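Here the structure comes first, spelled out in structure tokens, and everything after it is commentary.
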Amino acid sequence: KFINVIICVSDKNGINTYISPSVEIVWGHMQSDIMGKPFSQFIHPEDLAQIMNSFKKIQFDSNSSNECKIVTKS
């Protein structure tokens, strides 16, 4: 079975430095489409404010995770 979990790592500026290979199956984006770009451009607008608020807090607590809707390639 395939686990549809995406692991995304961003630097302190919100630029994607790692995205798991499963992104190609789950989101329809190639890894190269996402690497080096701001993670915020892939967050659904309804969830963006919440995620950006969480991102600011993560800078003080590096052990955090979030769930949100994503803008897929299609």
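The values are calculated or read from the model by the stated rules, or taken from the named source; none is laboratory data. Computed from a prediction, not measured in an experiment: that's the story for all the values here. Counting neighbours? That spans all protein chains shown, and the Cβs are built from the backbone with ideal geometry, glycine included. Heavy atoms of the whole protein, side chains included, go into the accessibility calculation; ligands, DNA and RNA do not. Shrake-Rupley method; radii C 1.70, N 1.55, O 1.52, S 1.80 Å.
Structure above, values below:
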item	result
Using distinct alpha-carbon pairs, which all enter the 1/r mean, Kirkwood radius of region 17-67 in Å	12.2 Å
Share of carbon and sulfur in the accessible heavy-atom surface of the chain [1.4 Å probe, %]	54 percent
Accessible area (Å², per residue) of region 8-74, counting only protein heavy atoms and a probe of 1.4 Å	68 Å²
CD proxy at 222 nm, helix term only [per DSSP H run n ≥ 4: -39500 (n - 2.57); per residue of the chain; nearest 500]	-7500 deg cm²/dmol
Total lysine pairs whose alpha carbons fall under 15 Å of each other in the chain (8 or more apart, or interchain)	4
Label-to-label distance, nm, for residues given as Val9 and Gln31 (7 Å Cα→Cβ offset)	1.2 nm
Karplus 3J(HN,Hα) series, Hz, for region 42-47 with 6.51 cos²θ - 1.76 cosθ + 1.60 (x for Gly, Pro)	10, 8, 4, x, 5, 9
